[in-house]
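What follows is one structure encoded as C-alpha cells, with my remarks underneath.
The values are calculated or read from the model by the stated rules, or taken from the named source; none is laboratory data. From a predicted model like this one, the values you see are computed outputs, not experimental measurements. All Cβ positions, glycine included, derive from the backbone under ideal geometry; neighbour counts span all protein chains shown. Side chains are part of the model used for accessible areas, which takes the heavy atoms of the whole protein and leaves out ligands, DNA and RNA. Shrake-Rupley method; radii C 1.70, N 1.55, O 1.52, S 1.80 Å.
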Number of protein chains: 4
Amino acid sequence: MKSFASDNYSGVHPEIIDALRAANEGHAGSYGADSYTAGATKKFKTLFGDDAEVFFVYNGTGANVLGLTALTNSYNSIICAEGAHINVDESTAPEKFLGCKLLTIATADGKITAEQVRNRIQRIGDQHHPQARVVAISQASEYGTVYTRDEIVAISKVARANNLALHMDGSRIANAAVTLGTDFRAFTRDAGVDVLSFGGTKNGLMFGEAVIIFNSALASDMMYVRKQGMQLHSKMRFISAQFEALLSNDLWKRNASHTNGMAKVLGESLRSIPGITITQKIDANGVFAIFPRHIIEPLQKEYPFYVWNENLNEVRLMCSWDSTEDEVRAFVARVRALVGTRQ
Amino acid sequence: MKSFASDNYSGVHPEIIDALRAANEGHAGSYGADSYTAGATKKFKTLFGDDAEVFFVYNGTGANVLGLTALTNSYNSIICAEGAHINVDESTAPEKFLGCKLLTIATADGKITAEQVRNRIQRIGDQHHPQARVVAISQASEYGTVYTRDEIVAISKVARANNLALHMDGSRIANAAVTLGTDFRAFTRDAGVDVLSFGGTKNGLMFGEAVIIFNSALASDMMYVRKQGMQLHSKMRFISAQFEALLSNDLWKRNASHTNGMAKVLGESLRSIPGITITQKIDANGVFAIFPRHIIEPLQKEYPFYVWNENLNEVRLMCSWDSTEDEVRAFVARVRALVGTRQ
Amino acid sequence: MKSFASDNYSGVHPEIIDALRAANEGHAGSYGADSYTAGATKKFKTLFGDDAEVFFVYNGTGANVLGLTALTNSYNSIICAEGAHINVDESTAPEKFLGCKLLTIATADGKITAEQVRNRIQRIGDQHHPQARVVAISQASEYGTVYTRDEIVAISKVARANNLALHMDGSRIANAAVTLGTDFRAFTRDAGVDVLSFGGTKNGLMFGEAVIIFNSALASDMMYVRKQGMQLHSKMRFISAQFEALLSNDLWKRNASHTNGMAKVLGESLRSIPGITITQKIDANGVFAIFPRHIIEPLQKEYPFYVWNENLNEVRLMCSWDSTEDEVRAFVARVRALVGTRQ
Amino acid sequence: MKSFASDNYSGVHPEIIDALRAANEGHAGSYGADSYTAGATKKFKTLFGDDAEVFFVYNGTGANVLGLTALTNSYNSIICAEGAHINVDESTAPEKFLGCKLLTIATADGKITAEQVRNRIQRIGDQHHPQARVVAISQASEYGTVYTRDEIVAISKVARANNLALHMDGSRIANAAVTLGTDFRAFTRDAGVDVLSFGGTKNGLMFGEAVIIFNSALASDMMYVRKQGMQLHSKMRFISAQFEALLSNDLWKRNASHTNGMAKVLGESLRSIPGITITQKIDANGVFAIFPRHIIEPLQKEYPFYVWNENLNEVRLMCSWDSTEDEVRAFVARVRALVGTRQ
C-alpha cells in the first residue's frame, strides 16, 4: 500500500537503514556518550554554529514541548496559529508539561503575521493574565505553506521588541529549506529563531527529532528536562546515527526535493481536474484541495487520506520521500475517473 | 568495545534488525494502525490474556510513568524501594507527570517485603497526607535479584487489603522469567500485578517498551495519556515489529537465558578472586561486587562500569544478550591481574 | 475613597463582621470539623439538595480550578467564552493545575450559546486532540449579563448529548439570582449544572468561596484535591461563619438586589449623557460604557476604574453592596461635567 | 471548648479583630494596591531589610509551596526532615505544583543536621537523578524543637557549598524567635536563609501567611506564581492589616511568649506524673509525651488531641495564644486523675 495520507505512513530511507546497521557494532556508551552522537552533533553545529546546543529526542511532540520549556515559565502564554500542531495535534502535552496557555491566531494559510502577533500581546505585567513569552511558528506550516525569511524576521522583530522568544516547529524543515533555496541557518537562527525542533521522522528516519537551542544559556537545564520529559533514549546511537546519515551527502535535501517535487506534480495534476480546487500554495510536500464530496469515501477506500475540513470537503494529501511519479499519476487518474462518475 | 557497564550499551539483536528491515516495506498506517502492531499486540494477548491492553511506548521511564497514571490520582503516593528506578533514575518524571509522592522503603537487596509495605501505609483517609495507592516493584530488581512468585503474591495481598494497586517495572522481565522458570503470566497478572512495564530495549531491541494493563477498565484513558506523555510513535510499526520478533521463536528467552548465564559465570569467577565480595544474589543479569579500591579506576579505563556505592566500593556489572564467555573470561582475568598488582 | 472599579474594592458587610466576631469564641475543630462549617453546609444543602457536596475554599480562582478537577482529566479541553475569568484573569492556573486546554468562543456579551458550544466540540475519540469534556459558563458573565434559565438548559443539553459536563463560575451568582427572580437551584442544578463556584467575596464577605458539587460521585476526591490545591483553611470556621450569615436573613439577596439596583441607576444615568454609549445589558452589577477618550484619565484620577477595551474606549464600572445612590449620582455628575469640558 | 489539639483550634486575637474592623472602612485597591499592604510590607522590611520582598498568601501550604518555586526547577529535589510539614501534611502539593521530589532525612527531634544534609546530596550533574537544590527546615520544627542560629548557619554553609538554597517553614517562627531571644533576622536572612514562610495563623491571625524572599532576584516571578498558585487575595487589605497589627506593639512576641510559657508549664507538670515521659525538648509551644495507653481515649473525649506515634503512644499537645494557666492546670489534673485510675 502506498498512500498520500501522511508523510509518516512512509518507511525508512535505505541510507538510514544502512546507517542503523553500521551503528549496530559492539557496545557504545548509552544516553549519548557515544561517537555517533558526537558526530551528529558536530554536523548540526556545522549547520547552525558551534555554540548551538543539540538534544536528540524521540518525536515531534517531545521536541516541541521540551524546546518550549527552555523559553517559558508556567505562567506564560505561547502565541501560535490556531491550526498549529502544538495546539491541535499534541493532545494537551504543552499545557500539562509547561503549564502554559496557547494563545491562538486564526489563519487562512497556516502562517501567522507579525501584525497578528503584535495584536495578541496584551496585559504584559498584569499578574492576573497569562504573560505572553513565546511566538511559535511551524516551518513548513501545517497547511504546506512556507514562511519566507522576511516573514520570519518580521515576526522575530515584534517578538524581540516585546521580550518574547521565537520557537520554530521544524518537523518539515527540510521541505522548507528546499523551497527557500537557502541553508537552514538563514531562516532559523539568523532570522531570529531561538529554539528549533529539527524534524527527522517525516523525512525518512525511523524515529528521532532534534531540539536545537541557539542561545546556550537557555540550554543549561535541557539535559535534565529531557530525562524528566521521558525523551532520553538509552541506546542513543540509534537516533544519532540516523541524523548523521540524514545530514550526510545531502540526503535531507535529496529527500525533501523529491518530496516537494512530487507534491507539485500532484497539485498541478489535480488542479486540472474540473470540480477540484487547490486551496493552499504548494510550498512543501502537502496538497490541500476541495474534492467533490461524492468521490471522497470511495477514494479513501483505495487511498487513505485525511479530510482536513469536513464542512468544505477539503482534503489533505501528503507526499513522502518514497512517493513515485507513477504513484502520483495513478492516484490522479483514479481521482479523475471518480470525479467523472457522477457530479 | 564490549563492556559490562550496562545492558543498554549493547546493540540490537540480528533477528530484531531483520524484523525492522522486513517491516520497512511500503506504507503503513501511523500511530499503531498497522498490521505489525496488531500482530505484536496479539502475541502479548496470548501471553497475558485476551483482555490485556497493550500500549507501545518509547522507553522505560515512559512505560513506568504512563502505567502509573492508570493507577493514581495526583494526591496519591506510590510505595517503592529506595533504589527503585522510578525513584532514583528517572529524574522527577514521576513527580512532575503524576503529581504523586514516592514513599520509599530501604532494602538490602532491592526487593521490598509485604510486611514493609504494610508498615508504610499510613493515615488513609486523612486529607492532609498523601494517600498511598500503588505498590511498585521492579522485576528483576535494580540489584539483580528476582522476586519469587510467592513474594509477589504476598505483596499483592497487602496491597489489595488496603485498596492499593500493584505495578511492576519489568524492564528486565525476561531475565526474571527465565530465572523463575515460569511463563510471564504466573508472576505478573496471576500474582496480582495490575499494570506492567514490559521491557524490550535491554533485551536486544533498538527502542521500545510496552505498557500492559490487565484490567481493561484502567486502560480507557491510556491512549490519550500516551499522546500527552509524548510517548506515541508515528511510525509505530517499527516498535511493534521488534516486539513481534522478540516474542517469536522464544527470542526473548534465548536472549535472557544467555545473559543470565553470562552473569552467573561472571559472578562465580569473580567470587573466587581474593579480596572480592559478591554482594547480591545473581538472579538475573547483574553482578554486584565489592572491589579493592585500587583496581576500580584502572579497570574502568579498559572496561567502563558504574560504581554503585562509593562508600563501599561496590560496583555493578551487567551482562547483555551479546556478552560472550570469552569476554567474561578476559574481563575476570584482567580483574585478577589488577587485584594482584597491589593490595 | 469609594469607587466603581471593582466589587472587590468594597469591604465586608457589617452582618458578616458580626458573624466573624461571634465565631471567635473559644476553640473549634480545625479544617472544617466545627459547628459553623456544619451549619453553613446545611444551609447550602437546603438550597441545592441534601446530596449536594460543599467545599469551602479561599478564592474564586481556587473554586473554579478545583471544581474543574472534579470534571476533567488532564487530556481534556474546557469550552468557555474568550473573556471568561478562567481564561483571561486566573493566570495559567487552569492549565497548570488541570493540564487542560481552554477552548474559547468569541462572544459579544460574555455569554456563549448552545450552538457555539456544539460547533466547538471536535475530533472526539482522536488521541491526538484535546478531548472536550466541560463547558464552563460565568453567571453573571464577565460583561454583567445574565444567562436565562433556558439558555443554560440549552447549553446543558448540548453538553449532555456530547458527554460533556457543565461548570458554572458563580462569583456573582447572587446578582444573577436576583435578576432571574428564582431560587439558585432553578438555574444551576435543575438546569443541568454539575459543579458550581458559589461566590462570597464579591457579595460582602472578607474571604471565601464555595465549590458545590451536585453529583456526589464527583466529589469523592475533592477533600484531597482541596488540600493539594492549597485551598484548605485551618481556621475554617471563619469562612463558614461568613457563609452562614450570607445565607441567613436573605443577606445575599439584600446585598445583590441593592448592588444590581445601583448598577441600573448608574447605567441609566450615564446613558442620558451625550457621547456615552452603554455597550452591554445591565443584568447584574456591572456597567460597560464607551466614554469619550478625553474624560477617561481625568476621571480615573478621582475614581479608579478599568478600561476594558482600549481600542473602543470601553470602560467597566462595578457597583458593590456598599455603593450608595448619592455616590452614583456624584459620579455621574462628575462624568457629565468632564464630558462637557471638551469634545 | 478549649483544647491542646492544635494551635489552629484557637481563634483570633482581639487586637487582630480590631485591626480587621479598622481596615473595613470604605473602598481599597484590590490585590495589594492598598495602604494596609504597604504598611505591613514596610514593617517586614524593617525586620528583614529594605530589599526583602514580601508576598501575602492564604495559608502555610501556599506559603511553603510558592516560596519553593522561587528556588527550584521541576527536576530538582528538596532535602527535608521526614516529618516536615511539606512532606507529610501538605498532601502532594509540593510534588504537584513544583514537580520536585522531597528527599527525606529521619530525625529524632524534627531537626536535620548539616552532616545529614551533606550526605543526602548525591549524583549532582547526573541527568538521570533528581538534582538536589534546596534544603528546607521548619523553625520551630514539627516536634516543637528550635534550631539554634549556629545549627542553621552550619546547614546553610553546606547548602551554599553545594549550590543549594535554604528554605525555612516559619509557621511558628514567632515561637522560635522568643526562644532564641534574638530578632527574626539573626536566625533567618543573616543565618543564610533564602526564602521564609512567615506564619500568622497559628499566632493569632484569622488567616494569612507571608512569603519573604531575601534575594530580590528570586522574587521577580512570584507575583505571577502567587496568582497561578491560587493564593492571591482580592481584598488583600484584610490579610495585610492583620500582619500590620501582629508586627505592632510586639503582639507577635507577646503571643508567642505566652504560648511558649504555657507549653513549659504543661510539660513540666506532666513530667512529674509517674508513667508519663516527655519525649522532646519543649523549645516552643508543643509538648510531646508518651502517655499510658489506657488514658488516651478517655482523655481525648474531653480534650481532643492528636496521637503522633501510635506505636509509642506518643501524643502531641499544643498551646495557643489563648491558652490559660488555669486551663493547663485543669488538663494536667485530669491527666493525673486518669493515670491513677488503672495502670
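Overview of results
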| read-out | value |
| --- | --- |
| Table column - 3J(HN,Hα) (Hz), the stretch C:65-77, Karplus curve with 6.51, -1.76, 1.60, x for Gly and Pro | 5, 5, x, 5, 5, 5, 10, 10, 9, 5, 8, 8, 10 |
| Peptide A:93-106 - average C-beta neighbours from other chains (10 Å radius) | 6 |
| Heavy-atom surface of the stretch B:221-298, accessible at 1.4 Å and reported per residue (Å²) | 30 |
| Phi-based couplings in Hz for the stretch D:128-137 (Karplus 6.51, -1.76, 1.60; Gly and Pro marked x) | 7, 10, x, 8, 4, 9, 9, 9, 10, 10 |
| Overall Cα dimensions of the protein assembly as shown - principal axes, largest extent first, Å | 86, 83, 53 |
| Cα-only radius of gyration and Dmax that characterise the stretch C:290-343, units Å | 11.4, 34 |
| Separation in nanometres of the label points that stand 7 Å from Cα toward Cβ, at C:Thr324 and A:Asp150 | 6.5 |
| Summed buried accessible area for D+C [probe radius 1.4 Å, Å², rounded to 100] | 4300 |
| Counted charge near A:Val57, where neighbours are those whose Cβ lies closer than 11 Å (Asp, Glu -1; Lys, Arg +1) | +1 |
| 5 angstrom amide H check on B:Thr277, placed H, neighbours 5+ away | B:Ile290 |
| Mean Cβ neighbour count within 10 Å, used as a protection proxy, ranking A:43-56, C:53-66, C:28-41 highest first | C:53-66, C:28-41, A:43-56 |
| Accessible surface of C:Arg120 - all protein chains present, 1.4 Å probe, nearest 10 Å² | 60 |
| Between the stretch C:128-179 and the stretch A:115-180, the alpha-carbon center distance in angstrom | 34 |
| Residue and distance (whole Å) for the chain B Cβ nearest the axis that superposes B on D | B:Glu95, 2 |
| Candidate lysines for bridging to B:Lys2, where Cα separation is under 16 Å - those fewer than 8 sequence places away on the same chain excluded | A:Lys235, B:Lys202, B:Lys301 |
| Low-density loop positions, GluC sites (Glu not before Pro), the stretch B:292-343 - DSSP coil, at most 15 other Cβ in 10 Å | B:Glu310 |
| Beta bridges per DSSP with both ends in the stretch A:14-246, % antiparallel, nearest 5 | 30 |
| Nearby aspartates and glutamates by direct alpha-carbon distance to A:Lys96 (threshold 17 angstrom, same-chain neighbours under 8 apart not counted) | B:Glu95, B:Asp221, C:Glu90, C:Glu95, D:Glu95 |
| Unit charges on C-beta of K, R, D, E only; dipole of the protein assembly as shown, Debye | 0 |
| The stretch D:117-262, relative contact order [Cα under 8 Å, separation at least 6], % | 20 |
| Antiparallel bridges, percent of DSSP beta bridges restricted to the stretch B:145-257 (to nearest 5) | 50 |
| Relative contact order computed over chain A (Cα-Cα under 8 Å; 6+ residues apart), in percent | 24 |
| Complex-versus-alone comparison for the stretch D:74-92, residues with a loss of 40 Å² or more in accessible area, probe 1.4 Å | D:Ser74, D:Tyr75, D:Val88, D:Asp89, D:Ser91, D:Thr92 |
| Calculated label separations, C:Arg334, copies of the chain, 7 Å along the beta-carbon direction, nm | 5.7, 7.4, 8.5 |
| Cα centroid separation, the stretch B:194-221 to the stretch C:262-301 (Å) | 62 |
| In order through the stretch D:31-47: 3J(HN,Hα) via Karplus (6.51 cos²θ - 1.76 cosθ + 1.60), integer Hz, x for Gly, Pro | 6, x, 8, 9, 6, 5, 5, 4, x, 5, 4, 4, 5, 5, 5, 4, 6 |
| Against the rule of thumb 2.2 N^0.38 Å, how large the Cα Rg of the stretch C:111-166 comes out | 1.19 |
| Angstrom value of the Kirkwood radius, inverse mean 1/r, which spans all Cα pairs in the stretch C:30-99 | 14.0 |
| Residue-averaged 222 nm ellipticity for the protein assembly as shown, from DSSP H runs of 4+ at -39500 (n - 2.57), nearest 500 | -12000 deg cm²/dmol |
| DSSP-defined antiparallel bridges as percent of all bridges, the protein assembly as shown, nearest 5 | 50 |
| Three-way shape label, the stretch B:64-157, alpha-carbon gyration tensor, a/c 1.5 | oblate |
| Sparsely packed trypsin sites (Lys or Arg not before Pro) within the stretch B:231-321, loop by DSSP, other Cβ within 10 Å at most 14 | none |
| Alpha carbon convex hull of the stretch B:252-340, projected area averaged over orientations, nm² | 5.3 |
| Protein accessible area in the stretch C:1-103, 1.4 Å probe - carbon and sulfur % | 48 |
| For the stretch B:187-255: Kirkwood Rh in Å [reciprocal of mean 1/r, alpha carbons] | 13.4 |
| Counting all C-alpha pairs of chain C, share separated by more than 30 Å (%) | 37 |
| Neighbourhood charge, 15 Å Cβ-Cβ cut-off, centred on D:Asp150 and excluding it, Lys, Arg +1 and Asp, Glu -1 | -1 |
| Heavy-atom accessible area order for D:Thr279, A:Thr188, largest first, 1.4 Å probe | D:Thr279, A:Thr188 |
